[in-house]
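Undergrad: Provided herewith is a single structure, encoded as structure tokens, for subsequent inquiry.
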Amino acid sequence: MEADAADITFADGAFTIAGTDRSMPIAQVAQMSLIPVGLPSELGVGLQGAGAFSSDLPSFSNGCHICELEIDPDTGEVALDRYTVVDDIGTVINPLLAKGQVHGGVAQGAGQALLEDIVYDRDSGQLVTGSLLDYGLPRADIMPPITIDFSPVPSTTNLLGAKGVGEGGTVASTPTVMNAILDALAPLGVTDVPMPATPERIWRAIRKVPRS
């Protein structure tokens, strides 16, 4: 840029010569660094850096999940109608990826609540659910629309103010779905349904309640 280093400022992703309109975006700097023609050899090739950060205090995410569902009392079949999540993961660095992480976690947790089970043959001890042909996994046709929003409270234990989002969806969704099932069955007198809450188990739980 034909300027002294002291005269160059960096802001909004670009290097600018102070007092002029001459600037160079950092993307161009990165591109030129891979073509080191005319650059001092001590700069090497490319832009890279490494660092480490360790916090003495952990940060904890939190949030609220709400599941709305319907149960057919004659068959025990569960239909998930709507699912809403509001999570505090601190500073949201990439909203698209963060929502995708929560979305996938909700599906995983709902699968644990409704479908996934390890079944062995009672006589031989052979694993019956040993393949994806037999093991129940959540599918798109059972998942409802999932509304996700964030209520960020920046963490004070790291410079970015970020908190974890890796397991928030799956940790909360399993008890949320199960609580919704028990809430729906409460008027019938059902107080417990073992996981996974398959239609058969729900049907048996309904029939087990004494009728007056």
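Undergrad: Calculate, in nm to one decimal, what Asp134 and Arg201 gain on full extension: separation in residues at 0.36 nm each, minus their alpha carbon distance.
TA: My answer for the length gained is 22.3 nm.
Undergrad: I've got another one for you. Exactly which trypsin sites (Lys or Arg not before Pro) in region 92-157 are in a DSSP loop and have at most 14 other Cβ atoms within 10 Å? Please list the in-between numbers first.
TA: Numbers: sites: Lys99, Arg122, Arg139; in loops: Arg122, Arg139.
Here the trypsin sites (Lys or Arg not before Pro) that fit, given the DSSP loop and packing criteria, are Arg122, Arg139.
Undergrad: Taking the C-alpha atoms of region 1-107, how large are the radius of gyration and the largest Cα-Cα span, Dmax, in Å?
TA: Over region 1-107's Cα set, Rg and Dmax evaluate to 25.4, 81 Å.
Undergrad: Starting from the amide H of Ala162, placed 1.01 Å from N in the peptide plane, find each other amide H under 5 Å away whose residue is 5 or more places distant or on another chain.
TA: The answer is Thr91, Ser155.
Undergrad: About its Cα centre, how strong a charge dipole does the chain have in debye, to the nearest 20, once Lys and Arg get +1 and Asp and Glu get -1 at the Cβ?
TA: Here the size comes out at about 480 debye.
Undergrad: Nearest 20 debye, what's the magnitude of the dipole of region 1-65 about its Cα centre given +1 on Lys and Arg Cβ and -1 on Asp and Glu Cβ?
TA: Working: 1 positive and 7 negative charges, 48 e Å.
I would put it at about 240 debye.
Undergrad: Using a 10 Å cut-off around each Cβ, can you sort Ser61, Ser54, Ser155 from fewest to most neighbouring Cβ atoms?
TA: Exposure proxy ranking, most exposed first: Ser54, Ser61, Ser155.
Undergrad: Taking H placed 1.01 Å from N in the peptide plane, check which residues at least 5 places from Gly136 or on another chain put their amide H under 5 Å from its amide H.
TA: Asp117
Undergrad: Please state, to two decimals, what the Cα-based radius of gyration of the chain comes to when divided by 2.2 N^0.38 Å (N = residues).
TA: Details: Rg = 27.1 Å, N = 212, 2.2 N^0.38 = 16.8 Å.
That ratio works out to 1.61.
Undergrad: For region 1-145, build the charge dipole from Cβ charges (+1 Lys, Arg; -1 Asp, Glu) around the Cα centre, then report which of Gln108, Ala3, Phe60 sits farthest towards its positive end.
TA: Ala3
Undergrad: In addition: Could you check the simple spin-label distance between His103 and Phe53, using points 7 Å along Cα→Cβ, in nm with one decimal?
TA: Between His103 and Phe53, the simple spin-label model gives 2.7 nm.
Undergrad: Given Gln48, Ala140, Val92, which one lies farthest toward the positive end of the charge dipole of the chain, if we put +1 on the Cβ of every Lys and Arg and -1 on the Cβ of every Asp and Glu?
TA: Ala140
Undergrad: Report the full-extension gain for the segment Thr9 to Asp123: residue separation times 0.36 nm, less the Cα-Cα distance, to one decimal in nm.
TA: Full extension of this stretch gives 33.5 nm more.
Undergrad: Now a separate question. Give me a comma-separated list of calculated 3J(HN,Hα) values for region 130-139, in order, Karplus coefficients 6.51, -1.76, 1.60 applied at θ = phi - 60°, integers in Hz, x for any Gly or Pro.
TA: Each residue of region 130-139 in turn: x, 9, 6, 6, 10, 8, x, 10, x, 10 Hz.
Undergrad: Please give the charge dipole size of region 91-212, origin at the Cα centre, charges +1 on K and R Cβ atoms and -1 on D and E Cβ atoms. Round to the nearest 20 debye. Walk me through the numbers before you get to the answer.
TA: Numbers: 9 positive and 11 negative charges, 63 e Å.
Using only the charged Cβ atoms, the result is roughly 300 debye.
Every number in this text was worked out from the coordinates using simple rules, so none of it is lab data. Bear in mind the structure is a predicted one, so any value in this text is a computation, not a measurement. Don't worry about glycine lacking a Cβ; one is built from the backbone with ideal geometry, like all the others, and counts go over all protein chains shown.
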